[in-house]
Amino acid sequence: MPQQTDQPKPDPELDQAYQAWSTAAAAVLAKSRRVDVDELPDTPEALLSTDTADGLTIRPLYTRRDELAEPGVPGRFPFVRGADPARDVTTGWRVTERFGDDATAAEDLNELILEAMANGTSGLWLSVSRPGDGLGVADLATALRGVYLDLVPVTLDAGTEGIAAARELLALKEQAQAAPVAAAPTAATVHSFGLSPLTATFSGRPTVDPDEATALAASGLPVGVRTFRVDGSDFATAGADNGLELALTVAAAVAHLRDLTAAGLSAEAALGQITFGVSADDDQFATIAKFRALRKIWARVAEVVGAPEAGGALTHGVTDLSMYSQRDPWVNMLRSTIAAFGAGVGGADQLTVLGYDATIPADKRTSSAAFSRRIARNTQLLLLEESNIGRVLDPAGGSWFVESLTDDLATNAWAAFTEVEAAGGYRVALDTGWIAEKVDASLARRDTEVAHRRISVTGVNEFPNIDERALSETTGAPASAVTDVVTGTPRLARIGRAFEELRDRSDVVLAEHGARPSILLIPLGSVAEHNGRTTFVANFLGAGGITVVNPGPLTADKIGDAVVGAGTPIAVLCGTKARYAEEGPAALAAARAAGLSKVLLAGPDKEWPAGDDRPDGSLRVGIDAVSTLGDLLDQLASTSPKTAGATA
């Protein structure tokens, strides 16, 4: 799609200030690299820029030089700044809580819903199942008793029961008691039947026949009710980057748009039958830009079909399940807070924060469902009622960085969307495997970044808590492989899953032998010398569920006793480059003489002094941690239980 190209007039004073910054930055970079400024390989801007997973470049500094044209006002074309012209700033977005995923009886569920609404919930997302599996279609009336359906938006997630559930909700809405104070329908009170058959077909979620959904949408629904909720989370949780998620979401929505107009609806009416589900993750600015870019793209689609003023994309943000970890799950509270902030600032109309323990199998959770639900709800309420995030429409609007990022992301996604169209449209791209190929490629790139720890997952591949409660105690299906969780799909690919698979292996060893796999550290020199590297190695190994035995500083004559006491066949030499030169060869010889099968080096291989006998590898920044840790676990597993682990 066309970028906003309006640029401010040349400003010599601004150019001079930018050059001064560039000169100062070059001096700092040169000093840190211990080279002359003239020897830097590129400009300071290029050296300090970073590339995102979807190919965007984030520069270190944005100024008035990057200013774009004003994108309009909230609620008006091109809707970048929001879809709702009448949003109540005292309410903000709708705090949309999900219910119905367990076997809670409808009467009890109704009590939970009313209690939640008394404590800040302002929207409902209901999971509806087949009879006997949970909340059924026939239970909706009971579950929604006492809920003012003219004020509270309800979104359904009913799988194969979607059509029946939609008709039941429609009947309940027509019969529902009106609120004591009447209010005209707005974007904030739109009900969604939640049907997303095209994206669900990709992810493997149970769904309805698209033709039946189209027929329902074309049957003359009342104002304030929409049929389709095109769900970008089906792609995001499978590994799609932000640009690809937006492109595929819009492509699926355009396919529905064509079906609806073919069924006899006008373009304006067809646009009025579509809402969007959007994933929100812990990349704050990317999430802000994603919501704004989606609205920009959908407005462009509406303009192309001749109904630009009907192009306001209503969005339901959901915290991205793939960012949630099973290990150290408390960190998920921080992740979901950032995600909620990003979605709120980005202009989400509704927002659901999943429970912090959402990816942990239900029988392994340590907190009550009520606690997890309350924390998720309060995460939003703190942002709305204490931080007042919702009191300003599009608070990031006008930021040089956010506006540029929005425009770049929209352009990136539009290019991918046109690729889908060139391939024959969403259905053809899905049937031929084009979509799966693109998502799998995006996932592979992300997995590589995580494995090399260029993407940090706190508590998983960085700063692991090796002593936390075990999740996998048998050789059966590991906890990390579980995808049957709330909003999960068969394609769910959590960011930290590769490391958590390693932790699962460690849990099994602990359950079977009473101790985790362990590796001996051989610190050389004073604590001040080796502490940085012993800490790095302990953190690195802990990410794979391997504990360390640290006997303190060792000299060559003490290494043999340390090896016997550790009871493990692998050790890591930890010291400085200077210490390696002075004591390294003797320490290595002593370690081999003590019977160790593998001796590794902490730090780059080039720090080891010249000689024929060298360590068997190194643990350093940037290596493939998943592969390295997997190999170490394999080697430790081949030893006896006594040598496979130290004290737990």
Worksheet item: Residues in region 524-541: is at least one without any contact (Cβ under 8 Å) to a residue 60 or more places away in the chain, part of a strand (DSSP E or B) and outside the structural domain of residue 201 (by TED's automatic domain parsing)?
Response: no
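Before we move on, is residue 535 under 19 Å from residue 453 (Cα atoms), modelled with pLDDT of 95 or more and surrounded by fewer than 18 Cβ atoms within 10 Å (Cβ to Cβ)? Show your work before the answer.
Details: under 19 Å from residue 453 (Cα atoms): yes; modelled with pLDDT of 95 or more: yes; surrounded by fewer than 18 Cβ atoms within 10 Å (Cβ to Cβ): yes.
Answer is yes for this residue.
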Discussion item. Report every pair of residues separated by at least 6 positions or lying on different chains whose Cβ atoms are under 7 Å apart, first residue within region 350-374 and in contact (Cβ under 8 Å) with a residue 24 or more places away in the chain and closer than 15 Å to residue 494 by Cβ, second assigned to a loop (DSSP other than H, G, I, E, B) and among the β-branched types (Val, Ile, Thr).
Written reply: 354/486; 354/487; 358/485; 358/486; 359/485; 361/482
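Of everything in region 47-97, what is part of a strand (DSSP E or B) and more than 27 Å from residue 275 (Cβ to Cβ)? Give them in sequence order. So that I can check it myself, show each step before the final result.
Applying the first criterion (part of a strand (DSSP E or B)) to region 47-97 yields 50-51, 57-58, 94-97.
Residues satisfying the conditions are 50, 51, 57, 58.
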Practice prompt. Provide a single number: the residues in region 292-342 that are within 13 Å of the chain's Cα centre (by Cα) and either closer than 18 Å to residue 76 by Cβ or acidic (Asp, Glu) (or both).
Written response: 1
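When only residues in region 248-265 that are among the β-branched types (Val, Ile, Thr) and under 21 Å from the mean Cα position of the chain (by Cα) count, which is surrounded by the fewest Cβ atoms within 10 Å (Cβ to Cβ)? Before you say what the answer is, go through the steps one by one.
Step one: of region 248-265, the residues among the β-branched types (Val, Ile, Thr) are 249-250, 254, 261.
With under 21 Å from the mean Cα position of the chain (by Cα) added as a condition, the list becomes 249-250.
Working: 249: 32, 250: 27.
Among those residues, the one meeting the criterion is 250.
Just for region 200-219: of the residues that are in a helix (DSSP H, G or I) and out of contact with any Pro (no Cβ under 8 Å at 6 or more places or on another chain), which one is surrounded by the fewest Cβ atoms within 10 Å (Cβ to Cβ)? Break it down stepwise before answering.
First, pick out the residues of region 200-219 that are in a helix (DSSP H, G or I): 200-203, 210-217.
If we keep only those that are out of contact with any Pro (no Cβ under 8 Å at 6 or more places or on another chain) too, we end up with 201-202, 211-212, 214-217.
Working: 201: 18, 202: 23, 211: 11, 212: 14, 214: 23, 215: 14, 216: 20, 217: 26.
Within region 200-219, the match that is surrounded by the fewest Cβ atoms within 10 Å (Cβ to Cβ) is 211.
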Worksheet, complete the sentence: Counted residues in region 412-427 being surrounded by 14 or more Cβ atoms within 10 Å (Cβ to Cβ) and either without any contact (Cβ under 8 Å) to a residue 40 or more places away in the chain or among the basic types (Lys, Arg) (or both) come to 2
Response to the item:
residue 381 passes all but one of the listed conditions (1) in a helix (DSSP H, G or I); (2) surrounded by 21 or more Cβ atoms within 10 Å (Cβ to Cβ); the exception is number (2)
Worksheet item: What pairs come up if the first residue lies in region 14-37 and is more than 21 Å from residue 62 (Cβ to Cβ), the second is assigned to a loop (DSSP other than H, G, I, E, B) and charged (D, E, K, R), and their beta carbons are under 7 Å apart, counting only those six or more places apart or on different chains?
Response: 30/36
Discussion item. Can you tell me which residue is farthest from residue 131 (Cα to Cα) among those in region 165-195 that are surrounded by 20 or more Cβ atoms within 10 Å (Cβ to Cβ) and not small (Gly, Ala, Ser)?
Written reply: 190
Worksheet item: Inside region 37-46, can you point out the residues that are surrounded by 10 or more Cβ atoms within 10 Å (Cβ to Cβ) and either in contact with a helix residue (DSSP H, G or I) (Cβ under 6 Å, 6 or more places away or on another chain) or more than 23 Å from residue 284 (Cα to Cα) (or both)?
Response: 37, 40, 42, 43, 44
Worksheet entry | Matching residues in region 67-102 - criterion: being surrounded by fewer than 16 Cβ atoms within 10 Å (Cβ to Cβ) and either among the charged types (D, E, K, R) or within 30 Å of residue 32 (Cα to Cα) (or both) | 70, 88, 102
Discussion item. Quick check on residue 495: is it more than 30 Å from the chain's Cα centre (by Cα) and touching a residue at least 60 places away in the same chain (Cβ under 8 Å)?
Written reply: no
Worksheet entry | Filter pass, residue 483 being among the β-branched types (Val, Ile, Thr) and free of Cβ contacts under 8 Å to residues at least 12 places away in the same chain | yes
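Which of the residues spanning region 165-193 are part of a strand (DSSP E or B) and touching a residue at least 40 places away in the same chain (Cβ under 8 Å)? Explain how you work it out, then say what you get.
Filtering region 165-193 down to residues part of a strand (DSSP E or B) leaves 191-193.
Residues satisfying the conditions are 191, 192.
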Worksheet item: For residue 460, all conditions in the list (1) farther than 22 Å from residue 636 by Cα; (2) modelled with pLDDT of 95 or more; (3) assigned to a loop (DSSP other than H, G, I, E, B) hold save one; what is the number of the exception?
Response: (1)
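Select, from 544, 617, 595, the only residue that is crowded, with 23+ Cβ neighbours inside 10 Å, in contact with a helix residue (DSSP H, G or I) (Cβ under 9 Å, 6 or more places away or on another chain) and modelled with pLDDT of 95 or more.
Details: 617 fails: crowded, with 23+ Cβ neighbours inside 10 Å; 595 fails: crowded, with 23+ Cβ neighbours inside 10 Å.
Selected residue: 544, the only one of 544, 617, 595 that is crowded, with 23+ Cβ neighbours inside 10 Å, in contact with a helix residue (DSSP H, G or I) (Cβ under 9 Å, 6 or more places away or on another chain) and modelled with pLDDT of 95 or more.
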Worksheet, complete the sentence: Conditions (1) under 30 Å from residue 454 (Cα atoms); (2) assigned to a loop (DSSP other than H, G, I, E, B) -> residue 18 fails only (2)
Item to complete: Give the residues of region 117-133 that are more than 14 Å from residue 153 (Cα to Cα) and crowded, with 18+ Cβ neighbours inside 10 Å, sorted by residue number.
Response: 127, 128, 129
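The values are calculated or read from the model by the stated rules, or taken from the named source; none is laboratory data. Quick caveat, the model's predicted, so the values are computed rather than measured. Glycine gets a Cβ as well: all are built from the backbone with ideal geometry, and neighbour counts include every protein chain shown.
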